[in-house]
Amino acid sequence: TVTFRLKAPAAQKVQLELEDASSAKATEMNKDADGLWSVTTRALTPDIYSYQFVVDSVWLIDPNVHEFVPNHFGQGGVFTVPGSPAESWEETDVPHGELHHHYYTSRIVGDRRDYFVYTPPEFDAKKKTKYPVLYLLHGYSDFANAWSVMGHANFILDNLIAQGKAKPMIVVMPLGYGAPKLLERGWNSVSHSELWQQNIDKFADTLLTEVIPQVESEYPVIKDRKARAIAGLSMGGAETLYTGLNHLDTFAWMGAMSSAIFEDPGQSFPKLDAKQAEKIKLLWIACGKEDSLLESNRKFKDWLKSKSVPFTDVETDGAHTWPVWRRNLLVLAPLLFR
């Protein structure tokens, strides 16, 4: 169990909003005579949790928090309930890779932006070993470091590689906004279909013409479509499908998680058919059964079936949350580059 406390003597009502695999749930907190509000959770399963306080209807980040959610709209605190033995997303006593932070000026978008690169254990840029690359995309409202902070992608890869379950690979985590103006719309961005599509189009351009060339010039990677994978969640899932399926000469492996699919597939993928699909090594489509995007994902899979395009269908418990996506990556990564 975890106990939360907040000193707010003037407050009339304080709630704890705790996000788990199924949803974000608000729980009433109790106030003592000194104005200290507190609540103790039920027993929590081992996982990484995010939370906020709601003080008289105002969102508040815990003043004592040590880790933050890297998000434009949904900031909050982060804490880990460790497993025994450790869960696959936890830092364990195995060889560790490194995270590298890069900045560059995008000519396409016209801003200064960043991306992160994970290099596997025993990586040495001076050696002749070359690696396959996974381009791993975050969701709408996230920062570029979401997959390392919330997804613990680096620890997941460390553990899978140490166990011999995944091939050593480089993982590139780019900023996913081709049209950053989309963020000005807040959570209502989806209703602006033209700007949403522009965001996806320009992101594909930045990835293909700016990020990939930089990565391939700075890291010892295999420059072949069979050694390139692309995967992502929510907005990043839509970008995965759009970029991957429209550029099969660049990517052979695709993993879409809880994809924010809103456009007509026939318009988004005009050339995709059974013949084109022969180039695909893996098209892996996952979504939580409590996710609001489940229905649109099922419709997309029906469209793929109508085009005789094979795919791996994965539906798990859970909603539109990080506990679902961490587990998605645990299953997806071992399938890549086989």
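Points to keep in mind about this one:
- Filtering the stretch 24-45 to residues that are open to solvent by 40 Å² or more (accessible area, probe 1.4 Å) and in a loop (DSSP other than H, G, I, E, B) leaves ASP32, ALA33, ASP34, ARG42, ALA43, THR45.
- Residue ID - farthest from LEU293 (Cα to Cα), chosen from residues in the stretch 23-57 that are touching an Asp or Glu at 6+ places or on another chain (Cβ under 6 Å) and polar (S, T, N, Q): GLN52
- Residue in the stretch 144-167 that is surrounded by the fewest Cβ atoms within 10 Å (Cβ to Cβ), counting only those that are touching a helix residue (DSSP H, G or I) at 6+ places or on another chain (Cβ under 8 Å) and either charged (D, E, K, R) or in a loop (DSSP other than H, G, I, E, B) (or both): LYS165
- Residue pairs meeting the criteria (Cβ under 6 Å; at least 6 apart or on separate chains; first at positive phi, in the stretch 254-276; second at pLDDT 95 or above and open to solvent by less than 50 Å² (accessible area, probe 1.4 Å)): SER258/LEU233; SER258/SER234; SER258/GLY237; SER258/CYS287; SER258/ASP291; SER258/LEU293
- Selection status of ASP20, on the phi > 0 side of the Ramachandran plot, among the charged types (D, E, K, R), surrounded by 12 or more Cβ atoms within 10 Å (Cβ to Cβ) and touching a strand residue (DSSP E or B) at 6+ places or on another chain (Cβ under 9 Å): no
- For beta carbons closer than 6 Å, sequence separation of 6+ or different chains, a first residue in the stretch 180-208 that is in contact (Cβ under 8 Å) with a residue 60 or more places away in the chain and small (Gly, Ala, Ser) and a second that is in a helix (DSSP H, G or I) and open to solvent by 60 Å² or more (accessible area, probe 1.4 Å), there are no qualifying pairs.
- Answer from VAL117, VAL171, VAL149 - the residue that is in contact with a strand residue (DSSP E or B) (Cβ under 9 Å, 6 or more places away or on another chain), of a type outside the set (Ser, Thr, Tyr) and more than 26 Å from GLY76 (Cβ to Cβ): VAL117
- Any hit, the stretch 61-74, residues being over 25 Å from the mean Cα position of the chain (by Cα) and modelled with pLDDT of 95 or more: no
- Residue that is farthest from SER296 (Cα to Cα), among those in the stretch 306-338 that are at pLDDT 95 or above and small (Gly, Ala, Ser): ALA333
- Every listed requirement among (1) surrounded by 13 or more Cβ atoms within 10 Å (Cβ to Cβ); (2) more than 21 Å from ALA333 (Cα to Cα) is met by LYS305 save one, (1).
The values are calculated or read from the model by the stated rules, or taken from the named source; none is laboratory data. None of these values were measured; they are calculated from a predicted model. Ideal geometry is used to build each Cβ from the backbone, glycine not excepted, and the neighbour counts take in all protein chains shown. Areas reflect the complete protein model, heavy atoms only, side chains present, ligands, DNA and RNA absent. Shrake-Rupley method; radii C 1.70, N 1.55, O 1.52, S 1.80 Å.
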